[in-house]
Amino acid sequence: MTDLDGPRRPGSALAWLAAGAVTAVILAFGAALGLWFLPFVAGIAAGIAPWRARRALALVVLAVAAGWGAALWWPALFGAPAGATARVLAALAGLPPHAAVGVAATLLVGVLQGLVAVWLARAVTPGVSWRR
Amino acid sequence: MRARQLRIGPKRPRRRFRRAVNLAAALVVSVVLLGILGFGYGTTPALGPALDPGRGAWTSAAGGEPARSETLGVKGLQHPVTVTFTSHGVAAVSAATDHDMFLALGYVHAEFRLSEMDEARRLGEGRLAQLGGPSDLPSDEFELRLGLLRTAQQEWAQMPKASLAAQALTAYAQGVNDDIAQVRASGQWPAVFSLPGVYPAPWTPVDSLVIQGVLTQELDFTSIPLDYALLERSLGAARTMAWFPVIAKNAQTPYDPGPYAKPALTPIAPGAASTMTGPPAVASSTPGAGTTARPAVTGPQAEAAWTLLAQLSQLPAGQLHEYPDSNAWAANGPAVAGGGALLAGDPHLPQTLPSVWYEVALSAPGFDVAGVSVPGLPGILIGHNARIAWSLTDTQNQATMFYDERTLRSRPGQYYWDGKWRKMQVVHYTIPVRGAATRHLTVDLTVHGPVMTQAGQTTSVDWMGNVPSPDLQAMLKVNQAASFSQFKAALATWYAPTQNFVYADANGNIGAISAGYYPQVGVGCQPWLPMSGTGRCDVTGVIPYAAEPQAYDPPGHVLATANQRPVTAAYPWFIGTSANFFDPGYRAATIYAALRGRSAPLTTAAFAAVQTSLTDQLAARIVPKLLTALDGASLSSSERAELPLLANWNATMAENSAAASVWWTFWGDYVADVFQPWWNQAKVPVRKDLAGLAVSVGQFSLVEDLEAWTLGDPANPAFSLPSGQPRTAAQVMRKAFATAVTHLAATLGGAPSSWTWGRLHTREFPAVSGADGLGYGPRPAGGDLFTPDAADGGLTATTGPSWRMIVSLSGAGVSAEGVYPGGQSENPASPWYDDLVPLWWDGRYLPVPVPGRAAGSLTWTLTITQTEAAGHD
């Protein structure tokens, strides 16, 4: 993991924010289409993007939380019992039967993919020119 | 730092090495993570698709949304069907044809209970491990050995396809499959499917018959003969039969007091696992009489017994019958306010979420019936139509017989029967196991039935539930019956599980019949023990239907069944021993006392009061004896403080009663003080089967013994210690009382008046899925094993009244009210998941929808479509 902590060329904050927003939207729509592995793809993209490791990791975590969170929240707007369903999923998974646990477990699946993907991307492309 | 490192030659290989390791690690972790998320590992499901927020298990939220009025396209309908719902989701189906009514019922059942139905058929068909992994293998192997699937397949093969039952099953399966297709198209599966990624197969009529078999097993299969074998081997035959006699020692109230006829036995239906060995023989005329000398239970027999009991102990809770607690009674004529008839029924089953019941009213040209249905089965099991009402309690007779098959190592795959060596039939099964290799199972079948174990002694089981039984046809005819003669005629082909069917009609008649098979074996054989499999103890026939326990318009204008032995000791056939789960009769006594001791004609309110009664009849009989025993005895201050509580107690196991705590704790200690020394001396192997062998308040034979001795034989030798030290009932009662008070003081502390029953005793309704947090409770509650409002399963009760119904019948019409502890939807996120629980808890009832009328304003219109998955508009 030392590579992830190495010096990187800082990117534009605005570009970082925009990329995060776009990624979140893509993840939300992807989730609706059943593309559960998109956080991994997003992590790969963030990993090879021109940001320091911490920024890449932060982008992935926040985008997954926002994108998948929105996908969870959207049906609740139309009356679906999302909180109760989260509690049910946690219970059926053998976890403490609380809605927060169900949501956290789901987001963890996305976030883990993104983090591992960033690691992989940066391990494949150590010190590439656009990050110097 | 990076530039400097680049310049330093010797460090470059180390850096490259670290990068290579980092890359390899990242690759491995990525592949493993994606692999596990995408495909799962072992019993861990593929969490990626399962927890996808837009798909996967999250879509089960759709099933939790409140239902709304809509039009739904359903394939296979002949005409549009209307389904209306009350605010609690109780459905009323109105159809133009019987076919459409059953199809719509299948559709509605699947819409609200698909995972429950799938779980039940998986259980019966030995497919739980496919969903749950290796931990479910014991259940799958047991069920495939026992043969619920084989029996269901045989029933379907024998069923005339033009019969009412076959037509209903076919239409019902179509309705279930319509719903499955729609769910598949929407992707909105219940979470129990989408989380593991294992989805339900299409529904078939055999699946429904398997569910019928599961219910039969839960009510009818027993391991009591195995327990008897182990008791005999440890306690000895004489003491076993003295303490676990055929006829209970205490006074009971059978609903059919006789006189009894004794016609010739009826041959068992063709296709049964058991086989007639010749013309029906005359069975022993008195239970237990005529028995011949029999060798003691041998070591191999005991080994077989405990091996089989060990198998049974691994089954999920509720798979075998453990508690004999249902009530049903009726009153008519002058006993009822305004004349006519009243009927009450509350079957006591494991109380789960979702419930075993789905409440519905059905209307079609051939049916106008309402009550509770079983998801997976067409028709109403307990309810009423426009003319009659009925309810069920379990008869508790012995319908399971174990046989010691004679085998030789030199003759593998053979057994000796009827003078010849025979080849066992062999059936092979493959059991898919989630996260493990597929299991192959071979089941050997003898003329008696499946071989359940070959440990020690090859033992097979002849169980009446394995006799192909046209129960569904019988039940549907009951749904249509308009008189007692039609009701009785319908039940003539009901074989298992044997049930007490209580009846009332709009003409003001009441009745009951305990329909089903009562198998009889050869003279001199003892069916409460494993018997010789060589032929002489085979089933020779069953009690003729006309001679089965029954009653019609009894002179007292009331009748009640509460799982007590339905007949007196004069009944000329063997129907089971006192250990065969016949209730000790305390609930029946309380019910009869309330009905016969009425101060005014009975009303629905009076019936409701009896259904929720917390009177413990055993306490009412024993506590006066206890107080007498304590009178003048040297007591501690705590013990003295209890005396006025007990003296002023009305034997009600109320949640706020301190006397109830003392009584129940005392009774448990009293039972243990009397019998445990004998158990210890005989080294009864209680760990082989705690429920069947341990000394406890749940051993009804011992409870009956102790009641009878305390009231009428206080110097019985059983009170003395095995060492010979003499004791009387009063001495043991004083000791047990002191132990109980000491125990309660240590457990609950404070003043004795604060030791309320609710601090010791709770009720809980666990989720069928087994998931913590999806059940209800535990919550402090009243009741015990012996109260009409029964609470079974220990101090945290999980079994009790699973449906309470009261029906009023007269020339003016039939009306019913009912409630069950649960809700109409199995989805825990639905407002209909457990909304009926508070009503049930408070002893309130809701009107049962009237067949043919709208249950409420919420309406589904099911329209004809040719599309497989038309679904919601």
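Values in this text are rule-based calculations from the coordinates and carry no lab data. A quick note: this is a predicted structure, and the numbers were derived from the prediction, not measured. Neighbour counts are summed over all protein chains in view; Cβ atoms, including those assigned to glycine, are modelled from backbone coordinates with ideal geometry.
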Residue-averaged beta-carbon neighbours from other chains (10 angstrom radius) around B:27-34:
5
The stretch B:805-840 and the stretch B:605-665 have their Cα centres apart by a whole-number Å value of 33 Å
Alpha-carbon radius of gyration plus Dmax, which is the widest Cα pair, for the protein assembly as shown in Å
32.3, 112
If one takes the longest principal axis of the Cα atoms in chain A, at what angle in degrees, from 0 to 90 and to the nearest 10, does the Cα axis of helix A:99-124 lie?
20 degrees
If the chain between B:Arg536 and B:Ile864 were fully stretched, how many nm would it gain, using 0.36 nm times the residue separation less the Cα-Cα distance?
112.2 nm
Indicate, rounded to the nearest 5 percent, the antiparallel portion of the DSSP beta bridges found entirely in the protein assembly as shown.
85 percent
Return B:Ser483, B:Ser830, B:Ser637 ranked ascending by Cβ neighbour count within 10 Å, so the fewest neighbours appear first.
B:Ser637, B:Ser483, B:Ser830
If one takes the longest principal axis of the Cα atoms in chain A, at what angle in degrees, from 0 to 90 and to the nearest 10, does the Cα axis of helix A:82-92 lie?
90 degrees
At what distance in nm do the modelled label points of B:Leu635 and B:Thr442 sit from each other, each positioned 7 Å from its Cα along Cα→Cβ?
6.7 nm
Rounded to a whole number of µm²/s, how large is the Stokes-Einstein D of the stretch B:384-473 at 25 °C and 0.890 mPa s, given Rh as the Kirkwood radius over C-alpha pairs?
149 µm²/s
Per-pair calculated FRET efficiency, R0 = 30 Å: B:Asn507 and B:Tyr260 via Cβ, rounded to 0.05:
0.65
Which of B:Val93, B:Val426, B:Thr739, positive extreme of dipole for the protein assembly as shown (C-beta unit charges)
B:Val426
Per residue, what volume in Å³ does the Cα convex hull of the stretch B:469-559 take up?
113 Å³
Can you find, among B:Gln396, B:Ser754, B:Ala335, the residue farthest towards the positive end of the dipole of chain B? Put +1 on the C-beta of Lys and Arg, -1 on that of Asp and Glu.
B:Ser754
If one computes the Cα centroid of the stretch A:94-122 and of the stretch B:150-170, what distance in Å separates the two points?
50 Å
Determine the dipole magnitude for the protein assembly as shown: charges of +1 sit on the beta-carbon of Lys and Arg, -1 on that of Asp and Glu, nothing else is charged, the reference point is the Cα centre, and the result goes in debye to the nearest 20.
5120 debye
Ranked highest first by average number of other Cβ atoms within 10 Å, how do B:429-436, B:135-142 line up?
B:135-142, B:429-436
From a point 7 Å beyond the Cα of B:Ser87 in the direction of its Cβ, which residues of the stretch B:847-861 have a backbone N at a distance under 13 Å?
B:847, B:856-858
For the stretch B:290-409, what D do you get in µm² per second when you plug the Kirkwood radius from alpha-carbon pairs into Stokes-Einstein at 10 °C and 1.306 mPa s?
83 µm²/s
Using 5 Å bins from zero, what percent of all Cα-Cα pairs in the stretch B:177-239 falls into each bin?
4, 13, 13, 11, 11, 10, 8, 7, 7, 6, 6, 3, 1, 0
Cα centroid of the stretch A:52-66 to Cα centroid of the stretch B:8-56, whole Å
18 Å
Selection from B:Pro450, B:Ile543, B:Ile510 lying farthest towards where the dipole of the stretch B:433-559 points positive, charges on Cβ:
B:Pro450
Going by C-beta contacts inside 10 Å, put B:Thr44, B:Thr798 in order with the fewest on the left.
B:Thr44, B:Thr798
With +1 assigned to the C-beta of every Lys and Arg and -1 to the C-beta of every Asp and Glu, and no other charges, what is the dipole magnitude of chain B about the Cα centre in debye, to the nearest 20?
3420 debye
Rounded to a whole number of µm²/s, how large is the Stokes-Einstein D of chain A at 25 °C and 0.890 mPa s, given Rh as the Kirkwood radius over C-alpha pairs?
160 µm²/s
Of B:Lys161/B:Lys488; B:Lys420/B:Lys683; B:Lys249/B:Lys683, which sit over 27 Å apart, Cα to Cα?
B:Lys420/B:Lys683
Listing B:Lys75, B:Lys625 from the residue with the fewest other Cβ atoms within 10 Å to the one with the most, what is the order?
B:Lys625, B:Lys75
Computed over the Cα atoms of chain B, what is the convex hull's projected area averaged over all directions, in nm²?
46.5 nm²
The protein assembly as shown, helix-only ellipticity at 222 nm - DSSP H runs n ≥ 4, -39,500 (n - 2.57), divided by all residues, nearest 500:
-12500 deg cm²/dmol
Average partner chain C-beta neighbours within 10 Å, per residue of A:88-101?
6
If packing is taken as the average count of other Cβ atoms within 10 Å, what order do B:305-318, B:27-40 fall into, highest mean first?
B:305-318, B:27-40
